[in-house]
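In what follows, a single structure is set out as structure tokens and then discussed.
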Amino acid sequence: MRTSAIVRVSGYVGLAGLLAATAGCGKLPGLAETTLDLLEQGSPKACVAEDVRKVLRGMIRPAPGSFAFTGMADADAKRVIESFAIDFEQTTLESKDEDVSRVTCSAQAIVSNTRGVRSSGLAIRYDVRPAAESTDRFVVGGDVSGATAFLSGAALAAITAEVLTGERQGGPAPDASPTGEATGTAAGDGSIR
């Protein structure tokens with residue numbers, strides 16, 4: 001399944017940014033490059049921009065009330081979700097299309113629990129491109145199904161058991177670490193609704 005997410009780029013443009021753009025002198029010192037700036041440049045940094053990573057995490061992480069948490073109270077689901085982190089390694093720019101300011105990237109999604117036990121790399125592939133309907137938004141879409149499948153299966157069950165059992169017993173739960181690999185397809189939009 002492929003989905004897309006639209007993200008509004010918030011940045012400090014103001015009068016200084018407007019003057020820099022109209023004067024043709026580019027960025028003023030001290031102003032951070034936005035994801036849209038990186039896309040326009042075709043920079044590999046667009047693949048690892050923090051707002052892009054936030055969108056990817058939102059695409060991968062199951063939401064309370066989703067199928068992954070059927071029969072579980074939203075408060076418990078939220079505690080489970082907050083108990084693991086998603087990060088990315090080995091991120092690579094695979095291609096760039098300068099005509100439409102789009103980059104295609106691949107990475108290994110890593111899921112780790114609060115004790116630092118990590119999954120093996122879960123392959124994802126995604127594009128980042130400007131949104132057609134707005135000049136201050138970008139879209140992230142791609143194949144993250146391997147990571148979503150991982151987090152909706154046995155790994156999520158192990159994390160859930162660890163979190164909820166540990167809370168009920170008032171101490172750490174037995175080691176129930178998420179491990180494994182998977183592949184698949186999905187996508188999301190940067191607005192994370």
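Rule-based calculations on the coordinates, nothing more; no lab input. Predicted, not measured: the structure shown is a model, and the values here were computed from it. All Cβ positions, glycine included, derive from the backbone under ideal geometry; neighbour counts span all protein chains shown.
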Using θ = phi - 60° and the Karplus form 6.51 cos²θ - 1.76 cosθ + 1.60, what ³J(HN,Hα) does each residue of region 82-94 get, whole Hz, x for Gly and Pro?
6, 8, 9, 10, 10, 10, 10, 9, 6, 6, 9, 7, 8
Under the Karplus relation with 6.51, -1.76 and 1.60 and θ = phi - 60°, whole-Hz ³J(HN,Hα) for region 153-165, x at Gly and Pro, equal x, 4, 4, 5, 4, 5, 5, 4, 4, 4, 5, 6, 5
Multiply the residue separation of ALA75 and ALA132 by 0.36 nm, subtract the distance between their alpha-carbon atoms, and state the gained length in nm to one decimal.
16.8 nm
For SER120, what residues show an amide H to amide H distance below 5 Å, using hydrogens built from the backbone and excluding near sequence neighbours?
GLY180
How far apart, in nm, are the 7 Å Cα→Cβ label points at VAL100 and THR114?
4.4 nm
Relative to the present Cα-Cα distance, how much length would full extension add between ARG125 and GLU82 at 0.36 nm per residue of separation?
13.0 nm
